[in-house]
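Note sheet for the following structure.
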Amino acid sequence: MRDDLLPVLACPVCTEPLARTGSGQAGCADGHRYDEAKQGHLTLLPAKRRTLTADTPEMVDARLRFLGRGHYAPVERALAAVTVSATAPGIVLDVGSGPGTYLAHTLDAARPAEEDGPAGPDGRLGVALDLSAVAIRRAARVHARAGAVVGDVTERLPVVDDAAAVVLDVFAPRNQREYARVLHPAGVLAVVTPRAGHLAELAEATISVDPEKERRLHGSLTPAFALRSSEDLTWTMDLSAEDAHDVVHMGPSHHHVAADTVFAPTTVTAAVTVSTWVPVG
């Protein structure tokens, strides 16, 4: 974990900021200590929490393969644009990050001025946060300006108040109260949700999109946030048999579809909404 990221992380016991307390160790002023994993990430889970299902190694591998082939590039570009246009100070916090692919793309867009190519506003730092230790082990090495934390996105986030200029939520559970707490008053929340027709050609093997998805999205973020913008993205993907397998198994459908299910090459529609939200008050 980068030392300059530790002060934006909060102790899950007392909520105090963290600092380097020794080689491979971080802790807070109250004496709570956390060992850094050999991959470089920290585990900051609350002592008492609900039992939730985290992404499995198979799901993480499928996601890395699928996203690595650029099939969700329109989403990556949209999130990068949000980050580049952000004016608030702070980190990019990717909540429910998985292996950190989207975070890496946004940080690339906001590269430091001393690097070759167009410079972003300030070369922002980023934090990937996910319940899956398997995913976070990958996220810990996804980008030089990123740190990674195993945390529960449905509980109090192990991040200090007002630390984030941008919060990313890509197909992840939403935590309105915590997003409002960790986001800078001038910051922006970017949310990606599937629309009706998303992966429709694979409907028999994927979980259908709730027709009340948009209403539920608004309900999950108001009154703490106000909608700033909403963009519908639709594109087609020519998928190989392996691609089709991976897009099914990189998400919740993995738990309902046999691992040895054989898929045929096919053309599949992607349909998502990228919405941005700003804090109210």
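Laid out as a table, the results:
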item: Dipole of the chain, positive end: most advanced residue of Thr15, Gly96, Thr154 [Cβ charges, Cα centre]; result: Thr15
item: Simple Cβ-charge dipole of the chain, Lys/Arg +1 and Asp/Glu -1, about Cα centre, in debye nearest 20; result: 600 debye
item: Range in the chain, longest, excluding exposed GluC sites (Glu not before Pro) [loop by DSSP; at most 16 other beta-carbon atoms within 10 Å]; result: 1-113
item: Cβ-based net charge around Gly100, under 13 Å, with every Lys or Arg adding one and every Asp or Glu removing one; result: 0
item: Whole-Å distance, taken between Cα centres, linking region 143-190 and region 55-108; result: 14 Å
item: Most to least packed among 59-66, 37-44, 264-271 [average Cβ atoms within 10 Å]; result: 59-66, 37-44, 264-271
item: Taking His32, His198 and counting other C-beta atoms within 10 Å, the order from fewest to most; result: His32, His198
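Every read-out reported here was derived from the displayed coordinates using simple, explicitly stated rules and does not represent laboratory data. Values in this document were obtained by computation on a predicted structure and should not be read as measured data. Cβ sites come from the backbone with ideal geometry, for glycine too, and all protein chains shown count toward neighbours.
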